[in-house]
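The values are calculated or read from the model by the stated rules, or taken from the named source; none is laboratory data. Everything numeric here is computed off the predicted structure, so don't read it as measured data. Neighbour counts run over all protein chains shown; Cβ positions are idealised from the backbone, glycine included. Side chains are part of the model used for accessible areas, which takes the heavy atoms of the whole protein and leaves out ligands, DNA and RNA. Shrake-Rupley method; radii C 1.70, N 1.55, O 1.52, S 1.80 Å.
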Amino acid sequence: MAQTNKVLVAAPPDGGWGWMIVAGCFIVTICTRAVTRCISIFFVEFQMHFAQDYSKTAWIHSLVDCTTMLCAPLGSFIGNRLSCRFAVILGGFMASTGLILSSFATSLENLYLSLGVLTGIGFALCYTPAIAMVGKYFCKRKSLAYGVAMSGSGIGTFILAPVVQHLIELYSWRGALLLLGGFVANLCVCGALMRPITLKEEQLSGVLSVDEENTYNKQQNNLNSKSACKPGQPIRTDCLNRCIFFQSLQEYSFFLMPDFMVLAVSILFLAYGCSVPFVYLVPYALNVGVSHQNSAFLMSILGVIGIVGNITFGWLTDRRCLKKYRYFCFLVAVGMDGLCCLLIPTLQSFPLLVPFSVLYGYFDGAYVALLPVVTSDIVGTQYLSSALGVVFFLHAIPYLISPPIAGWLVDRTGTYTAAFMLSGFSMIFSSVLLVCAALIKKCFRTRSGSYSTNSDPKLQIWTNTGETDYCVAADQEPKPV
């Protein structure tokens, strides 16, 4: 009789309380990313009230985005060492406090500290742990779960953009910030939903091949051998320090993966380009004669179409026929966003700016949903939380410098053309870099003869090969050995 291999692996539930985690992450993305986008609606109000130029005013939005991403590893660290629940609740309290304090600001410097730094740190403590929790609860339907969770950014922008504009007209920008502070306090409720997951071991028969089983066992032995603390021995201080040191090295061992390093470099250019349209779309629309309400409505269109991009790309890339091409879908979405930015200077009326909002919002939602999925495919679920912290950290410097640089270009040239062109070319370069890396990888594999006999080299280029955990085996039918 044919024999089968049996390996004990921990399988995520792919449902159950996982959908509550998705709901919690959905609200977190509304309260963090959507609120951050809506800060651009305050741009003109801040500029007029404090009588400052574009460049200085743009630092407010830059600091919020930069601090959120710069402190993302801090959110991962607190989530890993304490709990995701504690990190999200603490971040919600800090973000709410920052927005409330911002409503009493008397200068741009006050807004830099309260809205830029304090609120940004609070968002960082919430955003990364919440996203990582979704990856721990889902495997087979990971793209769909992330698509739904990340769509909160689009839905929140669609709803909050006109609401914030209406609040500004009713209560001024101070009253609007105060009410946003109360709204963001709901992050503490979302934190309460982040139940730590304890994965039970299941016996899977005929799932892993002999090579995969040997790899699995070798990884477990390596983890055990790296621990300096042996069972039955008293715990000494130096032993404990060595254990902590090896554990920290293990958490960030994904830095040695070439695929992750290429992704990290491309993210630097992606982050520079993607923030400029969200900051300057409303001021640009006002500059070409669009009304305040219609300008805010353009942000709403970006948000609601982003929902479609989140969910459709998430659902499509979960299909068996497209699951191998998540990487390709990601770089196409980034490249299309760059092309859209190049066309903005030619669109100088509300009817022409609507198609831009539709296209840019759709592909923005697509790559936002696929970014954590592609990261998970490269580093695996085990390192997802730490890797996401690094990925969002890499957004920090581009988010910090891109709006002020774009504002400086607007001040010097008197138009928005240079700002949007630089943004578009940056995202296109990010996409081209990923394509070049994939082509080089294909050539290297072809020369080294590493392809298996039953694989197609033409299709292998876009196949995600970094994820080596049970998710790959779970999609396969049991095979007798």
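For segment 327-415, taking Cα atoms only, Rg and Dmax work out to 16.3, 50 Å respectively. With Rh defined as the Kirkwood radius, the inverse of the mean 1/r over Cα pairs, the Rg/Rh of segment 281-431 is 1.01. For the pair Asp411 and Asn110, label points projected 7 Å from Cα toward Cβ lie 2.3 nm apart. Note on Trp19: accessible area is roughly 90 Å² with a 1.4 Å probe, heavy atoms of protein only.
Taking 21 Å as the cut-off for C-alpha to C-alpha distance, list the pairs among Lys323/Lys442; Lys140/Lys323; Lys136/Lys442 that go past it. Intermediate values should be presented prior to the final figure.
Values: Lys323/Lys442 19 Å; Lys140/Lys323 10 Å; Lys136/Lys442 31 Å.
The pairs that break the limit, which is 21 Å between Cα atoms, are Lys136/Lys442.
Remark: relative contact order (segment 325-411) = 30 percent; criterion is Cα-Cα distance under 8 angstrom and separation of 6 or more residues. Can you check what the net charge comes to around Met194, using other residues whose Cβ is under 12 Å from the Cβ of Met194 (Lys, Arg +1; Asp, Glu -1)? The answer is +3. Would you mind checking segment 123-137 for residues with the amide N under 16 Å from a putative spin-label position 7 Å along Cα→C-beta of Ile159? From segment 123-137, the list is empty. Modelled spin labels at Ser349 and Val432, positioned 7 Å past Cα toward Cβ, are 3.4 nm from each other.
Heavy atoms only, 1.4 Å probe, whole protein assembly: order Glu109, Glu45 by accessible area, highest first.
Most to least solvent-accessible, the answer reads Glu109, Glu45.
Segment Arg445..Asn294, full-extension length gain: 49.2 nm, with 0.36 nm per residue of separation and the alpha-carbon distance subtracted. Scaled against the 2.2 N^0.38 Å expected of a compact globular protein of N residues, the Cα radius of gyration of segment 84-181 reads 1.26.
Take 135-142, 342-349 and order them by the average number of nearby Cβ atoms within 10 Å per residue, most first; the result is 135-142, 342-349. Given in Å, the Rg to one decimal and the Dmax to the nearest whole number for the Cα atoms of segment 1-159 are 19.2, 83.
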